[in-house]
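The values are calculated or read from the model by the stated rules, or taken from the named source; none is laboratory data. This structure is a prediction, so every number in the text was calculated from the model and none was measured. Cβ sites come from the backbone with ideal geometry, for glycine too, and all protein chains shown count toward neighbours. Surface areas here come from the heavy atoms of the whole protein model, side chains and all, with no ligands, DNA or RNA. Shrake-Rupley method; radii C 1.70, N 1.55, O 1.52, S 1.80 Å.
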Amino acid sequence: MILGYELPGTGFRDPVRSLVTAAGAAEAGGVDYLVLDDRPAARPAGTGAPWSMVTAALLAAKTTRVGLVTNAAIAYCEPYHLARTVASLDHISHGRSGWQVISEPDPAADANHRREGVDPAVDRDARAAEFIPLVQDLWDTWEDGAFIHDKATGRFIDPARIHTLTSEGQVFKVRGPLNVVRPPQGHPVVFAPAADRQLAPAADVLTVGDPESAATARQAAGSRPVVAVVSPFVAETEAYAHELHARAGAPASDATRGVVVGDELQVAERLAGWIERGLVDGFTLRFPPSVPLETFTDLVLPRLRADERLRNEFAAADTLRGRFGLSRPANRIVERSAAAGTTRG
Amino acid sequence: MPTERTLHLGLMFWATGTHAAGWRHPEAQADAAYDIALIQEVSAEAERAKLDFVFLGDRLACDPSLQHSNPAQISRLEPYTTATAIAAATTHIGIVVTANPTYSDPYSIARHLASLDLVSEGRAAWNLVTGADAAAALNFSRDAHWDTGKRYEWAEECLQVVRALWDGAAELEGQEPLPIGHRGPFFSVDGPLDVARPPQGHVVLFNAGTSDQARELAARASDIVFAGPQATFADRKAYYADIRARAARYGRADQVKVLPGLTPIVAPTTEEAVALHDRLNDLYVLDPEQEVGELIRKGGIGEGYRRNLSSASQAFGVDVRGHDLAAEVPADTLAQVSEEGARRLAEITRLTRRTANGPQRITYGDLVHATPTQLSHVVVGNPEEVADMIQEWCEDGAADGFNIYPAYVPGSVTAFTELVVPVLQHRGLFRKEYAGRTLREQLGLPVPPSARAESEG
């Protein structure tokens with residue numbers, strides 16, 4: 001079982017210290033990755049956390065093992081910026097970075113980002129179809145080993161192993177090369193909803209809501225890992241957990257998330273059951289405001305970690321890809337030019 | 001120079017060093033661009049020396065052909081993430097990120113900078129560039145590169161929106177942020193900002209440039225003007241006076257500081273400093289002789305001649321082709337150089353102490369290396385000599401301090417912090433302790449009032 005915590009994007013009194021404390025506790029508890037929420041619009045629940053990329057860089061400095069997955073909405077950024085920022089995080093964190101692609105419509109965020117020639121509400125589908133493959137291609141514009149920095153000969157780079165992109169999309173025209181060398185993971189881990197037809201084909205890890213209806217997604221995922229987004233209403237007693245659930249309006253599992261309610265034993269068993277039935281490979285835990293993540297860390301995590309059957313067989317890997325059992329990808333630009341029988345350069 | 005006598009000193013962080021062959025020096029770390037621990041350590045060293053800020057430049061394109069002329073401009077870690085890593089490893093030093101409104105939008109810039117100011121607890125600064133570099137347009141789905149007028153009009157409105165978002169942001173937990181409802185020629189932005197108001201109110205603003213638009217932006221809105229190289233001392237004084245005069249028209253005469261770039265080649269003795277300067281120049285990879293004449297040094301940083309004897313012949317107006325670079329140039333050859341060549345010879349003498357007919361003679365290599373335009377003013381000398389130059393510029397109305405360009409990293413950083421900073425401190429020109437925790441405090445700038453304070457005012 002692979003486990004991630006989604007750190008809340010809002011509701012903190014002191015976001016910086018809270019995020020660092022929560023990340024440290026999650027890492028100490030053996031959580032595999034953190035998801036850093038991000039929304040470029042004000043929320044009703046008070047001031048938001050810093051930009052996910054800044055938070056990730058901060059947490060990279062304050063942790064050593066946990067994966068750092070940044071949420072980023074493709075409507076409000078350019079592929080070149082996104083590719084270089086996530087690649088830089090991968091260098092800074094030594095191979096721990098991931099990117100969760102957000103593409104749902106968000107009128108409040110749209111209203112913050114209109115400018116001459118750009119309306120984020122337009123072209124959503126076309127952007128979504130092109131964005132991930134373009135970012136992955138930009139990560140491959142530098143071959144491994146293109147950064148030579150050989151003092152003796154004065155060769156700093158090998159221009160023959162640095163490439164521009166030759167195809168143009170319907171929405172994006174990006175020539176490259178990227179201004180960052182290839183990330184340690186080759187491609188930082190890309191998360192996208194299994195149900196999103198535009199995004200899912202290019203993602204490394206697929207996300208689902210209610211695990212009970214994950215069978216179709218599982219099949220479509222092939223060998224790729226599937227994680228369910230789950231909100232745990234957990235408390236020391238079953239009765240109190242149900243009370244918290246009721247107070248939150250008794251949300252049910254749906255296409256966006258699964259919901260579990262109970263004491264620590266019940267929640268642990270429910271999660272374990274989904275893994276054992278082969279529906280999903282792990283969970284991104286999205287904590288309800290009434291359930292501090294410390295509660296889960298203290299009550300549920302030790303039970304999950306003690307169960308041999310739930311062990312993440314890749315827990316010792318030192319990159320985020322490794323923790324998901326994903327190999328380091330070959331360079332697609334090199335592969336394409338080899339397939340086309342062209343010489344490189 | 002204002003009455004307050006503290007100089008302001010920043011560290012321009014170029015991972016390769018600002019000398020194009022600096023990364024090849026034995027005391028340089030050649031892969032520094034991707035070693036975040038080293039970047040943090042260099043920043044911490046600058047902080048121990050009480051420098052005002054670390055400066056992270058940027059370029060939104062990658063051109064491999066720059067590898068011998070400008071390797072630092074080929075690739076780098078992205079500035080915000082790097083700045084955050086620096087913030088996590090330091091406590092007082094300011095951190096300047098370069099962000100280009102031409103390829104971004106004001107809401108993103110406002111929240112990114114506010115985020116950096118929050119995690120650094122008030123140490124962020126924004127170097128506003130508009131991108132003189134046409135190559136970036138091709139990475140951002142643009143058909144054409146915008147001209148200077150359009151870029152500055154866009155940047156000015158962007159800055160206005162960014163500051164309005166900061167001014168309306170919540171200052172305390174639970175406070176309702178204020179929407180801005182901006183409708184301008186270029187932008188339509190509702191707001192409010194999702195993150196808290198930056199601890200500095202407005203993140204400190206830097207800009208550079210010699211165009212009329214750049215100078216006006218500096219005068220009206222900037223806190224620090226970071227000046228490029230200028231040919232003569234008179235030019236530098238004129239630039240400084242012009243920025244002051246323009247700022248005075250906005251009631252900001254003492255609020256804008258001018259910090260030129262400066263590359264100090266410093267060693268305990270003059271002889272060692274000159275030897276170091278020679279050593280660095282020996283590490284250059286020369287341009288092929290058949291490539292002659294002017295080269296646009298891409299990356300938005302100046303232009304100049306190529307680095308070979310054919311180009312030197314053009315620059316000095318005398319044929320010096322086909323000679324061994326280590327050989328001395330006959331005095332009668334040097335006597336025939338053009339007027340421009342004579343200015344360059346004086347510059348060679350200033351840097352190398354070699355002359356046409358003194359005990360140490362100018363070499364062909366000296367001519368080659370004096371041919372391309374320098375990135376910044378260079379001073380070669382012992383710690384007292386370097387401090388003298390710094391003091392002179394600040395006392396004679398050419399600078400309020402400097403952005404220090406280390407020739408190689410980390411060696412040139414420690415040479416400056418260990419050898420020159422103590423001399424400046426001893427002379428009472430530079431702080432021994434930080435004035436506070438935020439960059440505004442180091443610069444003596446107040447926190448601008450928020451929109452809420454203004455309306456309640």
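Couple of notes before you dig in:
- Nearest-10 value in Å² for the accessible area of A:Thr64, using the 1.4 Å probe: 110 Å²
- For the protein assembly as shown, the solvent-accessible area works out to 37 Å² per residue, with a probe of 1.4 Å and every protein chain left in place.
- Between A:Ala339 and A:Asp254, residue separation times 0.36 nm minus the direct Cα-Cα distance comes to 26.3 nm.
- Label-point separation in nm, B:Trp146 to B:Glu454, each point 7 Å along Cα→Cβ: 2.3 nm
- Loop-located trypsin sites (Lys or Arg not before Pro) in the range A:230-293 (DSSP state other than H, G, I, E, B) with a sparse environment of at most 15 neighbouring Cβ atoms within 10 Å: A:Arg277.
- Interface area, chains A and B: about 5400 Å² of buried accessible surface, summed, with a 1.4 Å probe and ligands, DNA and RNA left out.
- Excluding same-chain neighbours fewer than eight residues apart, the aspartates and glutamates reachable from A:Lys151 by a Cα-Cα span under 15 Å are B:Glu27, B:Asp31, B:Asp282.
- Apportionment of accessible area to carbon and sulfur, chain A, percent (1.4 Å): 52 percent
- The translational diffusion coefficient of the protein assembly as shown, from Stokes-Einstein at 20 °C and 1.002 mPa s with a Kirkwood hydrodynamic radius over alpha carbon pairs, comes to 76 µm²/s.
- Shape category assigned to the range A:224-274 from the gyration tensor of Cα positions, a/c cut at 1.5: oblate
- Global dimensions of the range B:270-369 from alpha-carbon coordinates: Rg and Dmax equal 13.3, 40 Å.
- Rounded percent of accessible protein surface that carbon and sulfur make up, the range B:270-369, 1.4 Å probe: 49 percent
- Label-point separation, B:Arg343 to B:Thr232 (7 Å along Cα→Cβ), nm: 0.7 nm
- Shielding score for B:133-143, defined as the mean number of other chain Cβ atoms within 10 Å: 5
- If R0 equals 56 Å, the separation of the Cβ atoms of B:Ala327 and A:Thr216 corresponds to a calculated FRET efficiency of about 0.10.
- Gain on full extension, evaluated as 0.36 nm per residue between A:Asp318 and A:Ala28 minus their Cα-Cα distance, stands at 102.9 nm.
- Part-to-part distance (alpha-carbon centres) for the range A:289-345 and the range B:257-281, which is given in Å: 48 Å
- Gain on full extension, evaluated as 0.36 nm per residue between A:Val122 and A:Arg277 minus their Cα-Cα distance, stands at 51.7 nm.
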